[in-house]
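Reading through the structure tokens given below for one structure.
The values are calculated or read from the model by the stated rules, or taken from the named source; none is laboratory data. Since the model is a prediction, treat every value here as computed from it, not as a measurement. Note that each Cβ is placed from the backbone with ideal geometry, even for glycine, and that neighbours are counted across all protein chains shown.
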Amino acid sequence: MATITTWFTLGLLGELLGTAVLAYGYTLVPEETRKRYLLLIAIPGIAIVAYALMTLGFGAIQTDGHVVYAVRYADWLLTTPLNVLFLALLAGANRRDTVTLVVLQALTIVFGFAGAVSPSPVSYALFAVGATLFLGVIYLLYRNIAGAAASTLSDIEMSLYRTLRNFVVVLWMVYPVVWLLGVPGLGLLDVETASLVVVYLDVVTKVGFGLIALLAMMDLGSVGEATDEATPVAGD
Ligand code: RET
């Protein structure tokens, strides 16, 4: 019978494969975007460590009668701010909006974790704070950061920003739902089922985000090359 370790092992394999493909992609993106591209490799790369630990049985803590996978929150605490940082860098957002976005996203995870390890009703209050902060993240991604993107990006880059932003917002909204339905909340989903959903989402959100960006950056690179060829530069 499939157990939670099976899901963690599948998650580990998914993150390993995704990281390998994205690492190879480093050689395919234009040189000037490579620094930023490293974020896309780090995101599933960090998850490899988290999933390896969970597969080996580390990182679970027992609180208030249920198990909390602390390593998973540590992974999210590190990686989800990197995801939104990538969006802010892509958009050319100002420093203030970028820092606010990253901090709000990190705090969302901190409050979600605090809620998961606290007894009810404190848990729900902490969840509500986390959810409110996350609404702030969504607001910034649709307003300030999108505004910056609209004023700095070409049409193709803007469509990449929109695709990644919508991908993030829609898929990430499932996480608080799983929190609420799972053992930290209403207890309608058992730990195994919630883990299955989260493992699937973790791989899709991390690797999918990277692949969408990789493909678009490769396209942008070839557009750039085509333009370069059309306009020979004088000198050596
Ligand atoms: C919590 C509970 C508190 C309220 C909210 C949450 C949101 C979590 C999110 C997690 C995203 C994780 C990703 C992982 C990829 O591997 C912390 C569940 C809003 C958005 C993308």
- Every residue from the stretch 161-210 that is over 17 Å from LEU82 (Cβ atoms), in contact with a helix residue (DSSP H, G or I) (Cβ under 7 Å, 6 or more places away or on another chain) and not aliphatic (A, V, I, L, M): THR163, PRO176, TRP179, GLY182, PRO184, GLY185, GLU192, SER195
- Query: When you go through ALA20, ALA60 one by one, which is the residue that is farther than 28 Å from THR100 by Cα and more than 21 Å from the chain's Cα centre (by Cα)?
  - Reply: ALA60
- Condition broken by ALA128, with the remaining ones in (1) more than 10 Å from the ligand (Cβ to nearest atom); (2) free of Cβ contacts under 8 Å to residues at least 12 places away in the same chain; (3) more than 24 Å from ALA216 (Cα to Cα); (4) part of a helix (DSSP H, G or I) satisfied: (1)
- Which of the following residues is within 16 Å of the ligand (Cβ to nearest atom) and either out of contact with any Ser or Thr (no Cβ under 8 Å at 6 or more places or on another chain) or not acidic (Asp, Glu) (or both): LEU160, LEU135? LEU135
- Message: Out of VAL99, VAL84, VAL110, I need the residue that is in a helix (DSSP H, G or I), over 24 Å from LEU160 (Cβ atoms) and either under 17 Å from the mean Cα position of the chain (by Cα) or among the aromatic types (Phe, Trp, Tyr) (or both). Which one?
- Response: VAL110
- Message: Between a residue in the stretch 180-193 that is on the phi > 0 side of the Ramachandran plot and among the aromatic types (Phe, Trp, Tyr) and any residue that is assigned to a loop (DSSP other than H, G, I, E, B) and surrounded by 18 or more Cβ atoms within 10 Å (Cβ to Cβ), which pairs come within a Cβ distance under 8 Å, given they are 6 or more apart or on different chains?
- Response: none
- Those residues of the stretch 24-48 which are touching a residue at least 12 places away in the same chain (Cβ under 8 Å), in a helix (DSSP H, G or I) and more than 17 Å from the chain's Cα centre (by Cα) amount to GLY25, THR33
- Task: Kindly indicate whether VAL203 is β-branched (Val, Ile, Thr), over 14 Å from ALA88 (Cα atoms), within 12 Å of the ligand (Cβ to nearest atom) and in contact with a Gly (Cβ under 7 Å, 6 or more places away or on another chain).
- Result: yes
- Note on the structure: If we keep only residues of the stretch 164-188 that are within 13 Å of the ligand (Cβ to nearest atom), hydrophobic (A, V, I, L, M, F, W, C) and not in a helix (DSSP H, G or I), then the residue modelled with the highest pLDDT is MET173
- Message: Looking only at the stretch 23-65, how many residues end up being within 15 Å of the ligand (Cβ to nearest atom), within 25 Å of GLY130 (Cα to Cα) and not β-branched (Val, Ile, Thr)?
- Response: 9
- Pairs with Cβ under 6 Å, 6+ apart, first in the stretch 72-96 and away from the ligand (no atom under 16 Å from the Cβ), second among the aromatic types (Phe, Trp, Tyr): LEU90/TYR161; ALA91/TYR161
